[in-house]
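Novice: Okay, here's the structure, questions in a sec.
The values are calculated or read from the model by the stated rules, or taken from the named source; none is laboratory data. Predicted, not measured: the structure shown is a model, and the values here were computed from it. Using ideal geometry, Cβ is built from the backbone for each residue, glycine included, and neighbour counts are taken over all protein chains shown.
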Amino acid sequence: MAAVAAATVVGVCLTVGSASAGTLSGSLYRDPSSAVVRWVAANPGDSRTAVIRDKIASQPQARWFANFNPSTVQSEVSGHIGAANAAQQIPVLAVYEITNRDCGGASAGGAPDLNQYQTWVSNFARGLGNQTVIIILETDSLALLTCLSSGEISARNEAISTATRTIKSANPNAKVYLDGGHSTWNSAGETANRLRAAGVQYADGFFTNVSNYNSTSGEANFGRNVISALNGMGISGKRQVIDTSRNGGASGDWCGDDNTDRRIGQYPTTNTGDSNIDAYLWVKPPGEADGCRYTAGSFQPDLAFSLANGAPNPPTTAPPTTTPPTTTPPTTTPPTTTPPTTPPPNSSPPTGDGCYADVAVNQWAGGFTATVTVTAGKSEINGWKVTVELPAGAAVTGTWNAQASGTSGTVQFTNVSYNGRVAGRQSTTFGFQGTGTGPGRIAVCVG
């Protein structure tokens, strides 16, 4: 059902985000070394690259931990967490290691037994630091039980409950969500029963629709029914997260390796406008295979292009949603790396080498978006850093086409892999969204 994905990054640990019961806020982490980002960087001339870059590689996605590597998982996790913390963003980690996962299907594997599973989880938890992190704990582990005996189901439930408490003990700011299947699988009542048996009372809630295609509205309705059933069992305060990575088109069979009528759905965000839903996430990285036609978890550009081509563009200047969003994200023009033929209005390019940054702000009550144009001097630059001074009380909540260091006061933005090289007298753009009052027009650029 869920396909395996893996990668490794390194970083250092700084403060990021905040977590409290039933709520999430802040910018989600975009891994600059994910499979799709690496493919975009390696294939600049491919006809599919621009679409995949702008609509998929630009977005935060889950990092999967699916290899049984008890001796190295702690350092692997701490490297990823450190990079996210350095960017002051919230990482999403998908743990996929339970014994007999996927009932031996396309994504079979996991720990050899549940004792070794607990060892792996303990080592995994030691790398989580103490800042906000989202844990998607064991996709399909509760919804798919057909291959297990009653004794094996009880043992799995205890293992997931123990894993949840282990993660929470190691990092109290970790937000842990258990497997809720999806709206066209088990009933809400049965799902609630399975969540209770697996210790959802120790978790923050449950996730649904991972690797599936059901509509966001359908999943939200299903989630409300699950929450209601849990409340009836005396388990309150639980929230839902929904995988929207490929639910913007037709539904149907779970395997997407041969489907061309599916599209990416709601772009990832913690700003859902729904008190029952903590986040819309891309848990299943768009373009990674299910295991029907290609190897499970492998990145396939034709799948990514099929999902992204014709899909709505990422939000840019639209303010945060104040009502529950629909399955269709805003259709404003995304930031691109296509250089304009003339310098941006009301600004002057540098006369020598280096770069110049011009900021355009769209302000509304309580928030803003800012689009920053980086223009090279007479010579090409290969990498840039822009420093922006935010007014008192303002804070960055999201960034695209750049990596941010800091969220308030003096904030530094650096290029990502695909837009650091800017030809002489040409430009690229990035943007960020925030609360409070936006910055002034001029920023400092170093290239």
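Novice: Kindly state which helices (runs of 4 or more DSSP H) lie completely within the range 18-87 and contain at least 2 residues that are under 23 Å from ASN271 (Cβ atoms), in the same structural domain as VAL200 (by TED's automatic domain parsing) and in contact (Cβ under 8 Å) with a residue 24 or more places away in the chain.
Specialist: Per the criteria, 73-86.
Novice: Same structure, new question: For the condition at pLDDT 85 or above and assigned to a loop (DSSP other than H, G, I, E, B), what is the one hit in PRO439, PRO334, PRO344?
Specialist: After applying the criteria, what remains is PRO439.
Novice: Next question, about the same structure. Has the range 193-207 got at least one residue that is of a type in the set (Phe, Trp, Tyr) and out of contact with any helix residue (DSSP H, G or I) (no Cβ under 6 Å at 6 or more places or on another chain)?
Specialist: The answer is yes, given that some residue of the range 193-207 is of a type in the set (Phe, Trp, Tyr) and out of contact with any helix residue (DSSP H, G or I) (no Cβ under 6 Å at 6 or more places or on another chain).
Novice: Out of the range 66-82, which residues are over 14 Å from the mean Cα position of the chain (by Cα), closer than 30 Å to PRO314 by Cβ and surrounded by 21 or more Cβ atoms within 10 Å (Cβ to Cβ)?
Specialist: Listed by number, the residues that qualify are ALA66, GLU76, VAL77.
Novice: Can you name the residue in the range 95-114 that is surrounded by fewer than 18 Cβ atoms within 10 Å (Cβ to Cβ) and assigned to a loop (DSSP other than H, G, I, E, B) and is also modelled with the lowest pLDDT among such residues?
Specialist: GLY105
Novice: How many of the residues in the range 208-237 are surrounded by 18 or more Cβ atoms within 10 Å (Cβ to Cβ) and either part of a helix (DSSP H, G or I) or touching a helix residue (DSSP H, G or I) at 6+ places or on another chain (Cβ under 6 Å) (or both)?
Specialist: 12
Novice: While we're looking at this one, here's another question. Given the criterion among the hydroxyl-bearing types (Ser, Thr, Tyr) and surrounded by 20 or more Cβ atoms within 10 Å (Cβ to Cβ), identify the matching residue among THR162, THR146, THR139, THR184.
Specialist: THR139
Novice: Continuing with this model, one more query. For the range 375-385, state whether one or more residues are out of contact with any Gly (no Cβ under 7 Å at 6 or more places or on another chain), within 23 Å of LEU28 (Cα to Cα) and at pLDDT 90 or above.
Specialist: yes
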